[in-house]
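> Just dropping this structure here.
Laboratory data are not the source of any read-out in this text; all were calculated from the coordinates shown. Since the structure is predicted, the reported quantities are computational estimates derived from the model, not experimental observations. Don't worry about glycine lacking a Cβ; one is built from the backbone with ideal geometry, like all the others, and counts go over all protein chains shown.
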Amino acid sequence: MTFGKATAWAILGLAFLFYATPILWLLLAAFRDEPMLFSSGPFSIGSFEMFGQTWTNLTTYNDFQIGRWALNSAVYTIGGVTLSLVAVLPAGFVLATYNFAFRKAILVLTLIAMITPNTVVALPIFLQMQAFGLNNSYIGMIIATAFFPFGVYLAYIYYATSLPAGLIDSARIDGASRFEVFTKVALPLSKPLIALVAFFSFLANWSNYFLAFVLLTKDELYSLPIGLAVLVSSSGALGNDVASDIPINKPEAIVAAILVILPVLVLFLASQKYVRSGTLSGAEKG
Amino acid sequence: MAKAKTPNSDPKKRRRDDRFFVLAMLSPYLALLMFFGVAPVAHALLLSFMDTIDWVFWGFTNYKFVLEDFRLTEAIMNVFSYVAIWLTMMVVGIAGLALLLDALPRRPAAILRTSFFLPGAITSSAIVILWLFLLDPAVSPYGGLFEALGWENRRQVVGHLGYPLVFALMAYLAYSGGWIVVIGGALKGISGEVIEAARVDGATGVQIATRIKLPMVWRSLALMAILSFANGIQMFVEPQLMALAGSTYSRPDWSVNQLAFQYAFNLGDFGASAAMSSMLLGVAIFISLCVVFGTRFYKMD
C-alpha cells in the first residue's frame, strides 16, 4: 500500500469513527438504565429489561403524551408532504417547459424564499395565522409547512434536464391535452423526483422546530421535536441543577430522542439511492 | 361540419390556453409563495418601520433601537464565528470525503457512505440532546479523550471547545452526510472516459481529484455553501436548547434569531423584531445573490 492510499484510508477511518460513534452510542444507550450509563463503558450493552422499564416510564408519563406528540408529528408531516407535492410538481413542470411572463421572477423569488431566514417570516406568519384563526391548529401547521421552495427548485431542475422536449411535442401531436401531457407523460417519469421531494419535505417537516415553536402553544398540539424539548426541560433530565419528581431521566431522554429520529433513520436507509442519483442530476449543466 | 382541432390550429387560442394552463398549474404554489413568502417578508418590512404599539410610522427608529442593543454585536459575532467554522468544515470535509469515496471500490464506498449519511437523521431537538450527552465526560463515548485533555465535566468541555465549535460540530454531523451523498452522485456523473484519458496522460489520483473532478462539481459545492450559509445565519434551536442541560448553559440571546424571537415573543416589540429580521434577510439575500450570480451556477434559461 502506498503512502497516499494509507493516508486516504486513515482519513476515512477517522471519519467513520466520527460519524458512527454518536449514533451507535445512542442506540446502545437506550438499553441501559441510569446507573449503568455512568458506571459501565460507553459501548456496554444493557438489557431488554432496562429498556422495558425506560419505555414504561416514558409511555406512562402524562398518559402516553409522547405518543400524542408522535401522532401530531405524523399528521403535520404527512399533510405537509402531500400538500407540498401537489404544489411543487405542477409548478416545477411549467417553469421548466413553458415560457411565460414572470417566469424568471418566480424563479428568483423561489431562490430568495429558499434562503430567507425563518425568523423573518415567522412573526408575520404568526400574525397572519392569528388573523385567520389558524394558530394552534393542525391545518395551520400543515399549510405553513407545505410551502417548500426547495422542492420547486428540484422539480424545475429535474423537468428541465430529464424530460426530453420531443416527448412533450410528440404527446401533443398525438392529441394529448396540456394537462394529460403532465399527468400521463411527465408524472409517470417523475418517480425519482417525487421520492426526492417527498424525502426532503419529510425531513424538513418532521424535524421542523422553529415554526412549530412559534405557531403551537398548546401542549396537546406539540410536534415530537417540541415535545421532546419540553419533556427534557420540565424533567431536568439532562441538568444537574433542577430537581424533579417526574420519572423522566437520562435513559428516557435517550429513548425519546430515538423516537424522534427513528422515522427519519428508516427513511434515510430507504432513500439513499434516490438522493445519490437525483438531487443534482441537472445542477452540473452549463 | 366542425373543423378538426389540433394543438397548433389557432396560435392565438393556443397562447391563451397556454397562459390558462400555466396559471392553473402554478396557482397552488403561487398561493403558498404569496402567503408564506412574499406577504410575510413585505409585512416584516412594513412592521420594521412602525411603532407597533401605537401603530404609527416612525421611520428607522426600530433599526436604530436594535442597532444600539449591545447584545446584537455579540450575537452577530457569535453567529459569524459559528458559520465560518461550520462552512469551512462543510466545504473541506464534504469535498474531501466525497472525493475519497469516489476513488474507492464500490462495496467499501457504499458502507462508508451509508455510515456518513445516517447521522443526518438526527436533527432538531434530538441532535442537541445527543450532543449534551456526547459532551458530558461521565457518559460520553469521547470520555477518555476528554479525560486525557484534563476536562472533567461538561462545563469544562463546552468551555474549552467554545459554543461556536460545539454548534458547528452538531451541524456538521447533522448535515454533512447528506451532502457527501449528493456530491458523490454528482461525481458519479463525470464521464469515465475523461478520467481514463487523464490517467493515460499520467495524472495521479490526487491530480485527477483536484484538477478534474473538483472543478466539475464546484457548482454543487457552491449550492451547498449558499444553502448552508442561509441555514447557518438563522440558527436558533441549538443555542436555545442548550438550556436543557441547566441554567449554566442557557444562552437565550446567543444568536440574532434568538434576539429577534425575544423581541417579538417575550417583549412584545414586533417592530424591533421585524427590524432585526429584516436586516438578517438583507444580509442573507445580498451574500447569497452575490455568490449565485457571481458563480452563475443557477442558470435559469
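> Over the alpha carbons of segment A:9-150, what is the largest minus smallest coordinate on each principal axis, giving the biggest first in Å?
67, 50, 26
> Please report the base-10 log of the normalised intensity I(q)/I(0) for segment B:71-181, using a Debye sum with one equal scatterer per alpha carbon and no solvent, at each q in 0.09 (1/Å).
The computed values of log10 I(q)/I(0) come out as -0.29.
> Limiting things to C-alpha atoms, what are the Rg and the maximum Cα-Cα separation (Dmax) for segment A:21-94, in angstroms?
Considering segment A:21-94 through its Cα atoms, Rg and Dmax are 19.5, 61 Å.
> Moving to a separate point now. In vacuum, with every alpha carbon of segment A:149-258 counted as one equal point scatterer, what does the Debye formula give for log10 I(q)/I(0) at q = 0.13, 0.17 Å⁻¹? Two decimals, please.
Log10 of I(q)/I(0), two decimals: -0.68, -0.87.
> Distance cut-off 25 Å, Cα to Cα: go down the list A:LYS218/B:LYS64; A:LYS184/B:LYS188; A:LYS5/B:LYS213; A:LYS104/B:LYS213 and report the pairs above it.
A:LYS218/B:LYS64; A:LYS184/B:LYS188; A:LYS104/B:LYS213
> Taking segment A:62-286 on its own, what percent of its Cα-Cα pair distances exceed 21 Å?
Values: 15823 of 25200 pairs.
Everything past 21 Å amounts to 63 percent.
> Which net charge results for the neighbourhood of B:SER81, defined as the other residues with beta-carbon distances under 14 angstrom from its beta-carbon, given Lys and Arg at +1 and Asp and Glu at -1?
-1
> Give the average over all directions of the projected area of the C-alpha convex hull of segment B:1-117, one decimal, in nm².
Its average projected convex-hull area is 18.2 nm².
> 5 Å is the cut-off here: which amide hydrogens, built 1.01 Å from N in the peptide plane, fall below it relative to A:ASN135, excluding neighbours closer than 5 in sequence?
Under 5 Å from the amide H of A:ASN135 lie the amide H atoms of A:GLN130, each far enough along the sequence or on another chain.
> Taking only Cα atoms of segment B:77-251, what ratio of Rg to Rh do you get with Rh as the Kirkwood inverse-distance radius?
1.05
> Within 14 Å, Cβ to Cβ, of B:SER255, how many net charges do the neighbouring residues add up to if Lys/Arg are +1 and Asp/Glu are -1?
-2
> Taking the Cα centre as origin and putting +1 on Lys and Arg beta-carbons and -1 on Asp and Glu beta-carbons, what dipole magnitude results for chain B, to the nearest 20 debye?
Dipole size: approximately 1640 debye.
> Starting from the Cα gyration tensor of segment A:63-117, multiply each eigenvalue by 5, take the square root, and state the resulting semi-axes largest first in whole Å.
Sorted largest first and rounded, they come to 35, 14, 5 Å.
> I need the trypsin sites (Lys or Arg not before Pro) found in segment B:1-105, filtered to DSSP loop residues with at most 15 other beta carbons within 10 Å of theirs.
Here the trypsin sites (Lys or Arg not before Pro) that fit, given the DSSP loop and packing criteria, are B:LYS3, B:LYS5.
> At 10 °C and 1.306 mPa s, grab the translational diffusion coefficient of segment A:1-60 from Stokes-Einstein with a Kirkwood Rh over Cα pairs, rounded to a whole number in µm² per second.
116 µm²/s
> Between segment B:18-77 and segment A:135-199, what's the alpha-carbon centroid distance in Å?
Taking the Cα centre of each part, segment B:18-77 and segment A:135-199 sit 29 Å apart.
> Just to check I understand the Karplus step: with θ = phi - 60° and J = 6.51 cos²θ - 1.76 cosθ + 1.60, what whole-Hz values come out for segment A:8-23, glycine and proline as x?
Values, residue by residue: 4, 5, 5, 5, 5, x, 5, 4, 4, 4, 4, 7, 7, 4, x, 6 Hz.
> Shifting gears a bit: Quick check on segment A:111-214: what does the Kirkwood estimate of hydrodynamic radius come out to from the alpha carbon pairs, in Å? Could you put the intermediate results ahead of the total?
Details: mean 1/r = 0.0622 Å⁻¹.
Over segment A:111-214, the inverse of the mean reciprocal pair distance is 16.1 Å.
> Could you please rank A:MET141, B:MET77, placing first whichever residue has the fewest other Cβ atoms within 10 Å of its Cβ?
If I rank by nearby Cβ atoms, fewest first, I get B:MET77, A:MET141.
> Now for a different question. Taking K and R as +1 and D and E as -1, what net charge do the other residues with C-beta under 10 Å from the C-beta of B:ASP136 add up to?
So the surrounding residues net to +3.
> State the three equivalent ellipsoid semi-axes of segment B:166-241, derived from the C-alpha gyration tensor as the square roots of 5 times its eigenvalues, in descending order and whole Å.
34, 11, 10
> Send over the per residue convex hull volume for chain B, Cα only, as a whole number of Å³.
In chain B, the Cα convex hull volume per residue is 238 Å³.
> Could you give the C-alpha radius of gyration of the protein assembly as shown expressed as a fraction of 2.2 N^0.38 Å, taking N as the number of residues it contains?
Dividing the Cα radius of gyration by 2.2 N^0.38 Å gives 1.02.
> So what's Rg/Rh here for segment B:25-88, counting alpha carbon atoms and using the Kirkwood radius for Rh? Write out the running numbers ahead of the final one.
Details: Rg = 17.2 Å, Rh = 14.7 Å.
Using only Cα positions, Rg/Rh for segment B:25-88 is 1.16.
> A further question follows. Would you mind finding the longest exposed-site-free stretch of chain A, with exposed trypsin sites (Lys or Arg not before Pro) meaning DSSP loop and at most 16 other Cβ atoms within 10 Å?
A:1-217
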